[in-house]
Amino acid sequence: MTVTIIGTVTARPEYRDELQAILSRQVAPTRAEGGCINYDFHVDAADDCVFVFYENWRSQEDLDQHMKMPHLVPLLSQIDRLLAKPVEIRHLRMIGNPAT
């Protein structure tokens with residue numbers, strides 16, 4: 001079953017540019033993961049310190065494996081310094097038919 005999440009990452013203002021660079025570098029390797037359907041990176045239109053990922057994964061196992069990938073270490077190893085609050089992850093369940 002496909003897993004859809006929205007991850008929200010809020011930077012401390014003084015580390016905003018550093019965090020954006022770290023997050024940007026994880027996009028290409030994440031998209032190359034076998035279980036990744038899509039991994040889209042956004043910034044909130046009203047708050048430049050808020051970054052949002054819209055992600056679809058083939059399965060929960062694929063998402064769990066993603067969280068162990070080495071390209072996430074630069075973020076995870078500095079999370080307390082860079083973030084203003086904990087990462088928010090919202091799990092979604094599709095109730096309609098996917099777009100074709």
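The values are calculated or read from the model by the stated rules, or taken from the named source; none is laboratory data. None of these values were measured; they are calculated from a predicted model. So basically every Cβ, Gly included, is an ideal-geometry build from the backbone, and we count neighbours across all protein chains shown. Side chains are part of the model used for accessible areas, which takes the heavy atoms of the whole protein and leaves out ligands, DNA and RNA. Shrake-Rupley method; radii C 1.70, N 1.55, O 1.52, S 1.80 Å.
Relative to the longest principal axis of the Cα atoms of the chain, the long axis of helix 16-25 lies at roughly 40 degrees. Given only helices, namely DSSP H runs of n ≥ 4 each adding -39500 (n - 2.57), what is the per-residue ellipticity at 222 nm of the chain, to the nearest 500 deg cm²/dmol? Rounded to the nearest 500, the figure is -7000 deg cm²/dmol. Note on the chain: with charges restricted to the Cβ of Lys and Arg (+1) and Asp and Glu (-1), its dipole about the Cα centre is near 160 debye. Note: relative contact order over region 5-69, using C-alpha pairs below 8 Å and six or more positions apart, is 39 percent.
Averaging 1/r across all pairs of distinct Cα atoms in region 58-100 and inverting the result yields a Kirkwood radius of 13.1 Å. When the alpha-carbon atoms of the chain are used, the pair Rg, Dmax equals 13.8, 42 angstrom. The share of accessible area on the chain that comes from carbon and sulfur is 55 percent, using a 1.4 angstrom probe.
Based on the mean of other Cβ atoms within 10 Å per residue, sort peptides 80-90, 48-58 so the most packed one is first. Working shown, then result.
Numbers: 80-90: 12.8, 48-58: 17.6.
Per-residue Cβ counts within 10 Å, averaged per peptide and sorted highest first, yield 48-58, 80-90.
With all protein chains kept in place, the per residue accessible area of the chain amounts to 64 square angstrom at a probe of 1.4 angstrom.
Across region 1-55, Cα-Cα pairs farther apart than 13 Å form 61% of the total.
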